[in-house]
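In what follows, a structure is listed as structure tokens, so that the remarks can point back to it.
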């Protein structure tokens, strides 16, 4: 069963921000497998992940198999062999408008 991270685009006037829940993503010792980021806004708003929609800064051998650009769900596989903190970027788009955020994964 994947770890689920909800991504919500918040709009205030012409400003857009991303709410990432949870942030940081806390993963318990021994938990391995996929992490899925899901856009929670209604599909009618047309938000989707960009090609590099979830970009882990230094995945090393801990994370692999990123997929989901152009869709509403983005997935990385977490091998969770080493405890550590991993920075990443979340990048979404809607009709040429880009919104980014820089949250954290914590493999405990």
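The values are calculated or read from the model by the stated rules, or taken from the named source; none is laboratory data. For clarity, every value in this text was computed on a predicted model and none was experimentally measured. Quick reminder, even Gly has a Cβ in these numbers, built from the backbone with ideal geometry, and neighbours come from all protein chains shown.
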Members of region 46-69 that are exposed (fewer than 12 other Cβ atoms within 10 Å of the Cβ), more than 16 Å from residue 3 (Cβ to Cβ) and more than 13 Å from the chain's Cα centre (by Cα):
58, 61
Counting only residues that are assigned to a strand (DSSP E or B) and either closer than 16 Å to residue 97 by Cα or at pLDDT below 95 (or both), how many does region 17-67 have?
9
When region 72-108 is checked residue by residue, the ones that are touching a helix residue (DSSP H, G or I) at 6+ places or on another chain (Cβ under 8 Å) and over 14 Å from residue 39 (Cβ atoms) are none
